[in-house]
Amino acid sequence: MVDEKYFSKNRVWQGIPSIAVTDKGRIYVAYYSGMKGEMVGNYVILTYSDDGINFTLYKIYEPKENKRLFDPTLYKGNFGEIHLYFSECFGQVYDSIAGVFESVCYKPDEKQPIFNTPVRLCDGIMMNKPTKTNDNQLLLPVSLWQRGPLYKGYTTREGSFVVDGNNNKVIGKADIGAYSCDEHMIVERIDNSLWMLIRTSYGIGESFSYDKGCTWSIGQKCHIDSPVSRFHIRRLPSGKLLLINHYNFTNRNNLYVMISEDDGLTFPYKLLIDKRDNVSYPDCDFYKGKIYIIHDRERYDKGEILLSCVTEQDIILGYIGENSYLCRVIDKVGNYE
C-alpha cells in the first residue's frame, strides 16, 4: 500500500518519464518527484495501466537518508519481462559516482505484478533505454557526469560509457566534450556499426564504433539540431529509425516524432506531438503496430505526464488517425487543477 504522502495531490513537481508496454498491452510508466526539485529526498514513481487511461500507482522507490533516487528508465526484455532502472546518489544532485540499480518483473501482466528487490549494477547514471544488438549484446548507456572536483578525493571519470548488460562490465567510452549530462543513446546501424548520440551544451554530439563498442571515434557535432534536452532514438520493428526530438524549436517546444528510411541521414516524415513550451524528455515503446510515447510538461508547475499513441502511418502522413491520440494527461501535480 502506497503512503498517501506520495499521492499526486501532495507532490509539487514531477517529470523525466519512461515507458514500457508488455506483450499483452499493459503500459508501465515511471518518473520521479520528491521535495521541491532535484535534490536529496527524490523518489521514483512506478505506475501501470491496462487501458491507457486509468493508471494504478504501483510502488514508490524511496531513498535512504541523505540520498536521492532519480532518472528511471523502463525496458522490455527478450522474454517479455519489464526492467526498471534508476540511479542513486548521495547529496544534492550528483556525487561523482552515483550508481545504476535494476528491478525486474518477470510476469508483468499478472493482476498483482511483483518487481524484485533492486540490485546495484555499476557506477554512473542511466536514464535511457539499453540497446539490444543483432548478436544479442545488451548495451547500457551509462554516464559519469563532468561535475568538477571529486567525491571522496577521486578524479571524476566523466564520459559516455557503454556497459555490457550481461555482466555489468564497461565495454568502452566515448569522449564528446561539451558535456551536458550526456543522456546518450546507442543505435546499431544497418552495417552493424554503433552510432551514439549524446546530449551536449550545443545540442547533440555523435560518436561511432566499429568494434562492438570497445572504441569510439572522436566526438563531433551531429547533423540533428536540438535544444539542450533529452531526445529519444531507436529502431522501429519495421526496421526504420524513429526519433523523438524538438524541431523548428525555440528551446523546449515543438516536440515531434520523426521517421528515417536511410538509417538516420534524414528524417523526412514528421508528426507534431506537442507545440507548447516546456515539453521535454520523451521516451517510447511499441505494441502491435502502435507507438506509445511519454513526455513531461511544465514539471515545476503543472507537472504533467503526457501519453500519446500513434502509428508509423500517422507519422508518414503528418496527422493522426481515428484510433490514435496525443498528449493525454495521465498524471499531474496537486497544485495544478
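Please work out if M1 is surrounded by fewer than 21 Cβ atoms within 10 Å (Cβ to Cβ), among the hydrophobic types (A, V, I, L, M, F, W, C) and without any contact (Cβ under 8 Å) to a residue 12 or more places away in the chain.
On the way: surrounded by fewer than 21 Cβ atoms within 10 Å (Cβ to Cβ): yes; among the hydrophobic types (A, V, I, L, M, F, W, C): yes; without any contact (Cβ under 8 Å) to a residue 12 or more places away in the chain: yes.
It is true that M1 is surrounded by fewer than 21 Cβ atoms within 10 Å (Cβ to Cβ), among the hydrophobic types (A, V, I, L, M, F, W, C) and without any contact (Cβ under 8 Å) to a residue 12 or more places away in the chain.
Just to be sure before I move on: is S226 among the polar types (S, T, N, Q), under 19 Å from S260 (Cα atoms) and under 19 Å from the mean Cα position of the chain (by Cα) in the structure I sent? So that I can check it myself, show each step before the final result.
Details: among the polar types (S, T, N, Q): yes; under 19 Å from S260 (Cα atoms): yes; under 19 Å from the mean Cα position of the chain (by Cα): yes.
Yes; evaluated as a whole, the condition is true for this residue.
For segment 36-78, how many residues are polar (S, T, N, Q) and either exposed (fewer than 14 other Cβ atoms within 10 Å of the Cβ) or free of Cβ contacts under 8 Å to residues at least 40 places away in the same chain (or both)?
As a first pass, look at segment 36-78 and keep what is polar (S, T, N, Q): 42, 47, 49, 54, 56, 66, 73, 78.
Still in the list and also either exposed (fewer than 14 other Cβ atoms within 10 Å of the Cβ) or free of Cβ contacts under 8 Å to residues at least 40 places away in the same chain (or both): 42, 54, 56, 66, 78.
Qualifying residue count, segment 36-78: 5.
Of everything in segment 248-279 that's in contact with an Asp or Glu (Cβ under 6 Å, 6 or more places away or on another chain) and closer than 22 Å to P72 by Cα, which residue is surrounded by the most Cβ atoms within 10 Å (Cβ to Cβ)?
Looking at the filtered set, the residue picked out is L255.
Failed condition for W216, given (1) buried (at least 20 other Cβ atoms within 10 Å of the Cβ); (2) modelled with pLDDT of 95 or more; (3) at positive phi, with all others met?
(3)
The values are calculated or read from the model by the stated rules, or taken from the named source; none is laboratory data. Remember, it's a predicted structure, so these values are computed and weren't measured experimentally. All Cβ positions, even for glycine, are placed from backbone atoms using ideal geometry, and neighbour counts span all protein chains on display.
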